[in-house]
Structure formats: C-alpha cells, structure tokens
Amino acid sequence: MTGERPTTADALDLQPHPEGGWFRRTWTAPGAVPTASGVRPAATCIHYLLTPGEHSAWHVVSSDELWLWHGPGVLELSLGGDGEQPGDAETVLLGPAVGTGQRAQCLVPAGVWQAARLASDVEVLVSCVVSPGFSFDDWRLAAPSGGSPRPRRPRP
C-alpha cells in the first residue's frame, strides 16, 4: 500500500482498519441489548474493503458476523475454528459465481476465528453485519504466530 487511500475507500470515506483493509460503520441499530461484556447495540454494519496487497489478519469477534459480498473481485474468507488461536482453516469464497462454489454471503458464528484475503488482484467490497453490535472491546487479533490464513477447502 502506498499510504494513500484507494479510490473506493476515498469515495466511501473509509478509514484504515486495525486488522488490515479499510472500513466505515454505516449503521447502528437504535435498540440495545445486554451482553456478557456490557450493553451493545442490537446490530451494526460496516463497509469493508480489501485492495491488492492487503489482507485481514486473523481475528475473533464475540458476536455473529454476516459478510455480504458486493464485488467486484472474489474474497477468500477463512474460518479457523473457535480455539484459543486459529486452527486449520476452512475457506469460503464470496463472489459473483453463485452456484459454482462462490457465495453472496457467509455467516461467521460468534467466537470463530476469521481472516480474509483477495482471491486475485481485484479489490473486494463487502458489508459486515454484526449482532449483537460490534465493539472493539469484544474483538481481538491472533498472536503473531497465527500467521496468514491456511485454507483447507471452500465451503459451498
């Protein structure tokens, strides 16, 4: 990355995300719910962008996260289990070729490690809906030994 915001990130007013890539919260549900970590919005949504050379580091969220593909490229979303660190990854392809192994959306259950990278050199924009709503207090990155996603096989 050159240090400049990519064109799509600029157009959508996205900022750098600590896990890699670019994001901006686009919606917060008006209702709140109690969680083990405190009161959270019922749900939140962000735009999330990866451009060539970027990836999302292994991280875990304590809420369910629904990834919704917008394109144009294909995204490899790796799910690394619910252990203390990411394990062998199962990879889901988010992209336009629905019916040929790609999907338009994927649910990452609460507590499951996840990481994302581009399947080619074409950027990908997704939306991520988190419920109960996202808080950085409920999110953590893997220890540096977590490495990059180790794909096992695509999940249809």
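The values are calculated or read from the model by the stated rules, or taken from the named source; none is laboratory data. What you see is a predicted model, and the numbers here were worked out from it, not measured in a lab. Here the Cβ is made from the backbone with ideal geometry for all residues, glycine too, and neighbour counts use every protein chain on show.
Is at least one residue of the stretch 47-61 over 23 Å from Ala119 (Cβ atoms) and either touching a Phe, Trp or Tyr at 6+ places or on another chain (Cβ under 7 Å) or among the aliphatic types (A, V, I, L, M) (or both)?
Checking the stretch 47-61: not a single residue is over 23 Å from Ala119 (Cβ atoms) and either touching a Phe, Trp or Tyr at 6+ places or on another chain (Cβ under 7 Å) or among the aliphatic types (A, V, I, L, M) (or both).
Look through Thr7, Thr51 and report the one residue that is modelled with pLDDT of 95 or more, touching a Gly at 6+ places or on another chain (Cβ under 9 Å) and of a type in the set (Val, Ile, Thr).
Thr51
Kindly evaluate Arg24 against the criterion of being surrounded by 13 or more Cβ atoms within 10 Å (Cβ to Cβ), free of Cβ contacts under 8 Å to residues at least 60 places away in the same chain and not acidic (Asp, Glu). Explain how you work it out, then say what you get.
Numbers: surrounded by 13 or more Cβ atoms within 10 Å (Cβ to Cβ): yes; free of Cβ contacts under 8 Å to residues at least 60 places away in the same chain: yes; not acidic (Asp, Glu): yes.
It is true that Arg24 is surrounded by 13 or more Cβ atoms within 10 Å (Cβ to Cβ), free of Cβ contacts under 8 Å to residues at least 60 places away in the same chain and not acidic (Asp, Glu).
Considering only the stretch 118-144, state which residues are surrounded by fewer than 18 Cβ atoms within 10 Å (Cβ to Cβ), in a loop (DSSP other than H, G, I, E, B) and among the acidic types (Asp, Glu).
Asp121
Give the stretch 44-97 a look and list any residue that's without any contact (Cβ under 8 Å) to a residue 40 or more places away in the chain and either surrounded by fewer than 17 Cβ atoms within 10 Å (Cβ to Cβ) or assigned to a loop (DSSP other than H, G, I, E, B) (or both), or say none.
Gly81, Asp82, Gly83, Glu84, Gly87, Gly95, Pro96, Ala97
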